[in-house]
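Undergrad: Just passing along the structure, written as structure tokens.
The values are calculated or read from the model by the stated rules, or taken from the named source; none is laboratory data. What you see is a predicted model, and the numbers here were worked out from it, not measured in a lab. A quick note on method: Cβ atoms are made from the backbone with ideal geometry, for glycine too, and the neighbour counts reach across all protein chains shown.
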Amino acid sequence: MNSIQKLSLIVVLMGVTLLANAQHPWKIRTDNINPASYYGVTVANGMIGLVSSPEPFKVKDVVLAGAYDLYGRGRVSNFLRSFNLLNMRMSIDNQNIEGAAVRHMRQELDMQHGSFSTSFDYGDKATITYTYYALRHLPFTVLMDVSITAGKSITITAGSVLEAPDALKDVQNYYNEIDRPHVLISLLSSSAKSPTGKLQLCASNTFLFSEPHGKEPRVVHEMWDNSMHLMKFSKTLHAGETYRFSIAGSSITSAHDDDPLNQAERLTLYARLEGRERLLKLHNKAWEELWKSDIRIEGAAQAQQDVHSMLYHLYSFIRENSALSPSPMGLSGLGYNGHVFWDTDLWMYPALLVLHPELAKSMIEYRYQRLEQAKRNAFAKGFKGAMYPWESAGSGAEETPVWALSGPFEHHITADVAIAAWNYFLVTKDTAWLREKGWPILKHTADFWSSRVERDGPGHYNINNVVAADEWAENVDNNAFTNAAAKANLVFATEAARLLNTNADPDWQHVAANIPLLSLDNGVTREHATYKGEPIKQGDVNLLAYPLKTITDTAQIKKDLAYYETRVPDEGTPAMTQAVFALLYSRLGDSRKAAHWFKESYEPNLLPPFRVIAETKGGTNPYFATGAGGILQSVLMGFAGLDITDNGIRQIYSVLPEGWKKLTITGAGTEKKTFERK
């Protein structure tokens, strides 16, 4: 073999290796780490989110679910950056690890085990790997493992840094050593107030050493300034020697606990005394339980990895028994101020309801706990019942910035919440829950729609002046999705009353029967009263076929699809639009179009180096959990044919996208069933 042939073989083998890595079902790997085009990936446990960075030993953001304060943007509540409790400084032979001396950096997200790893060489002196976890079984606690293999004799100095984000104030820093006969614990802690002083944010961490008690390195505390302090240790390593240590830390706020500083330290002490091996064992066990509900694809390796990524992110952003609900960007940063929209109830929720009803229950519990505020919102607008806000945060009051018309006018959110509540009952058949929590939501939202319609004669109970689900249509009358969702809300409330043997307001059925759905001259369902074929932000009308099931006639579904799929521009539209097209074409038996729209729903939105999803083509705001939820519905309810019915989850006719060989859904519903489609 000559040199050219050898070079060609090496190139081929490298290509095969990169392709294999790109299509690993559970791991997303990269060695192409360019800070100028780097979009971090999130490790989260439904409460605390850690966003990756291209810089060694850095975490870009730490976000806590449920922690909001008024500051900065739009005069509304916003997510807060929390203390970055895993940032480190490391030096080797008194030289900080940074810059050109860092070579061969590689990063990997392990979705199966909820971990993120970085490894690199530091000159010829050391190979370093660190892996961090948002511990799934401990909502406020994180862990980072660090391993250093010496290439020659070196002295390392490792410092764990606590630094307050700029928006926080009144920072207080603490350092304690807790000495017991069997353990010495160095505890680094910080506390600060949120911008208005509404919240107290606290964090604490500690080292976990591999040496037995009495032989650990000596830890030294340094106070740098009011906003930053650190603890550090030094260790001499011989050539070929590998040294490992860990950092465990906890972050919590007064939104989660009445005594957050003491609780942060208690949680860190708990993790320290549990020990690394036990922490990871329980963390991995929790992820193993989550992945018993899975989506398995044969014949499309890249689609398998991408679908696992979408499902991983939804699992990461939601937590059982938290009574919290995710924003469009989940715990991946401060996008959309951390607010909760219809993105949760209509797009993320259905996939989770099918695969993990206990996670979906947290999301609907969030809405139930804010029902009284929704009633106050309706009262303020002159309506009866309960009117949910377009953007919701901690209290459930309207949090939409004043300049956005969706706040006062995008009313379909109220029906979206009610439909989510009804679907929870259909999947779980939990009549006790329906009576206690589902029924109040359904009743008061139905009362809202009865007062919201304008009664202009039979068949003309109009819903005027709304922002459509297609948000480019503002202040329009009789929007197709809003009207159909209101009808569904009224019908479901009536059915719930019948099941519970309680009285339904007879006006609900009367109103539902008289809310109009409009048509164009060509028979296509009209998006709103003045719609004339202009471009749309998303497939508003097509949602009447799924998920609303208002339109069931196959010919009408095809007609509406053929018309509106040509009204969606190449840019500026969210991923859910094309996902619904893929879902409907699968149910119609068109595998070619199902494949086309599935790829169009997210591939143009992917960002390097981890294939994270942006909201739109060319967008730069990952991770867009809303889009992931919509795409997962195209797989579950489209390609697999799952359907939420009065008889629970059933499988209806559908076809796989062109090129797919087999699709298996495991752990579906409360009975944890398996469904297959070939």
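Undergrad: Looking at the range 468-494, which of its residues are over 20 Å from Tyr546 (Cα atoms) and touching a residue at least 60 places away in the same chain (Cβ under 8 Å)?
TA: Trp472, Ala473, Glu474, Asn475, listed by residue number.
Undergrad: What residue, of Thr616, Thr645, is out of contact with any strand residue (DSSP E or B) (no Cβ under 8 Å at 6 or more places or on another chain), crowded, with 16+ Cβ neighbours inside 10 Å, more than 18 Å from Gly299 (Cβ to Cβ) and among the β-branched types (Val, Ile, Thr)?
TA: Residue meeting the stated conditions: Thr616.
Undergrad: Which of the residues belonging to the range 113-134 are surrounded by 17 or more Cβ atoms within 10 Å (Cβ to Cβ), in a loop (DSSP other than H, G, I, E, B) and out of contact with any helix residue (DSSP H, G or I) (no Cβ under 6 Å at 6 or more places or on another chain)?
TA: Lys125
Undergrad: For His213, only one of the following conditions fails: (1) in a loop (DSSP other than H, G, I, E, B); (2) of a type outside the set (Lys, Arg); (3) out of contact with any Leu (no Cβ under 8 Å at 6 or more places or on another chain). What is its number?
TA: (3)
Undergrad: Oh, and also: Among residues belonging to the range 477-514 that are surrounded by 21 or more Cβ atoms within 10 Å (Cβ to Cβ) and not in a helix (DSSP H, G or I), point out the one that is nearest to the chain's Cα centre (by Cα).
TA: So, considering only residues that are surrounded by 21 or more Cβ atoms within 10 Å (Cβ to Cβ) and not in a helix (DSSP H, G or I), the one nearest to the chain's Cα centre (by Cα) is Asn479.
Undergrad: Something else about it: Scan the range 79-111 residue by residue and report those that are crowded, with 17+ Cβ neighbours inside 10 Å and outside any strand (DSSP E or B).
TA: Scanning the range 79-111 gives Ser82, Phe83, Asn84, Leu85, Leu86, Asn87, Ile97, Met111.
Undergrad: Now, a different point. Any idea which residue in the range 148-166 is farthest from Thr242 (Cα to Cα), counting only those that are assigned to a loop (DSSP other than H, G, I, E, B), at pLDDT 95 or above and not basic (Lys, Arg)?
TA: Across the range 148-166, the extreme among qualifying residues is Ser153.
Undergrad: Look at the range 320-338 and say how many of its residues are surrounded by fewer than 24 Cβ atoms within 10 Å (Cβ to Cβ) and either of a type in the set (Lys, Arg) or on the phi < 0 side of the Ramachandran plot (or both). Steps first, please.
TA: Residues of the range 320-338 surrounded by fewer than 24 Cβ atoms within 10 Å (Cβ to Cβ): 320-324, 333-337.
So of that shortlist, the ones also either of a type in the set (Lys, Arg) or on the phi < 0 side of the Ramachandran plot (or both) come out as 320, 322, 324, 334-335.
Total satisfying the criteria: 5.
Undergrad: Can you tell me which of Ser191, Ser204 is of a type in the set (Ser, Thr, Tyr), over 16 Å from Met88 (Cα atoms), in contact with a helix residue (DSSP H, G or I) (Cβ under 9 Å, 6 or more places away or on another chain) and part of a strand (DSSP E or B)?
TA: Going through Ser191, Ser204 in turn, the sole match is Ser191.
Undergrad: Tally the residues that are buried (at least 24 other Cβ atoms within 10 Å of the Cβ) and aromatic (Phe, Trp, Tyr), restricting the search to the range 526-545.
TA: Of the residues in that region, 0 qualify.
Undergrad: Those residues that are in contact with a Ser or Thr (Cβ under 8 Å, 6 or more places away or on another chain) and among the acidic types (Asp, Glu), I need them from the range 604-644; list them, please.
TA: Within the range 604-644, just Glu615 meets the criteria.
Undergrad: Now for a different question. Given (1) within 30 Å of Glu571 (Cβ to Cβ); (2) within 24 Å of the chain's Cα centre (by Cα); (3) modelled with pLDDT of 95 or more, where does Gly618 come up short, assuming only one miss?
TA: (3)
Undergrad: Out of the residues in the range 398-413 meeting the condition of being touching a Gly at 6+ places or on another chain (Cβ under 9 Å) and without any contact (Cβ under 8 Å) to a residue 60 or more places away in the chain, tell me which one is farthest from Arg370 (Cα to Cα).
TA: Ala404
Undergrad: Still on this structure: How about the range 164-176: which of its residues are buried (at least 20 other Cβ atoms within 10 Å of the Cβ) and of a type outside the set (S, T, N, Q)?
TA: Filtering the range 164-176 down to residues buried (at least 20 other Cβ atoms within 10 Å of the Cβ) leaves 164, 168, 171, 173.
Those that are buried (at least 20 other Cβ atoms within 10 Å of the Cβ) and of a type outside the set (S, T, N, Q): Ala164, Leu168, Val171.
Undergrad: Name the one entry in Thr236, Thr253 that is modelled with pLDDT of 95 or more, more than 30 Å from Arg370 (Cα to Cα) and β-branched (Val, Ile, Thr). Lay out the reasoning, then the answer.
TA: On the way: Thr253 fails: more than 30 Å from Arg370 (Cα to Cα).
Step by step, each of Thr236, Thr253 is checked, and only Thr236 is modelled with pLDDT of 95 or more, more than 30 Å from Arg370 (Cα to Cα) and β-branched (Val, Ile, Thr).
Undergrad: Ok, one more. Report, ordered by the first and then the second residue, all pairs with beta carbons closer than 9 Å, sequence separation of six or more or different chains, a first member in the range 212-234 that is among the hydroxyl-bearing types (Ser, Thr, Tyr), and a second member that is in a loop (DSSP other than H, G, I, E, B) and surrounded by 12 or more Cβ atoms within 10 Å (Cβ to Cβ).
TA: Ser227/Ala164; Ser227/Pro165; Ser227/Leu168; Ser234/Pro217
Undergrad: Further question on the same structure: Here is a list: Glu211, Glu222. Which entry is surrounded by fewer than 17 Cβ atoms within 10 Å (Cβ to Cβ) and within 17 Å of Phe83 (Cβ to Cβ)?
TA: On inspection, the qualifying residue turns out to be Glu222.
Undergrad: What are the residues in the range 135-147 that are part of a loop (DSSP other than H, G, I, E, B) and in contact with a helix residue (DSSP H, G or I) (Cβ under 7 Å, 6 or more places away or on another chain), if any?
TA: Hits for the range 135-147 are Leu135, Arg136, His137, Leu138, Phe140.
Undergrad: Moving on. What about Thr236, is it in contact with a strand residue (DSSP E or B) (Cβ under 7 Å, 6 or more places away or on another chain), part of a strand (DSSP E or B) and more than 26 Å from Ala164 (Cβ to Cβ)?
TA: Values: in contact with a strand residue (DSSP E or B) (Cβ under 7 Å, 6 or more places away or on another chain): yes; part of a strand (DSSP E or B): yes; more than 26 Å from Ala164 (Cβ to Cβ): yes.
For Thr236, the condition - in contact with a strand residue (DSSP E or B) (Cβ under 7 Å, 6 or more places away or on another chain), part of a strand (DSSP E or B) and more than 26 Å from Ala164 (Cβ to Cβ) - is met.
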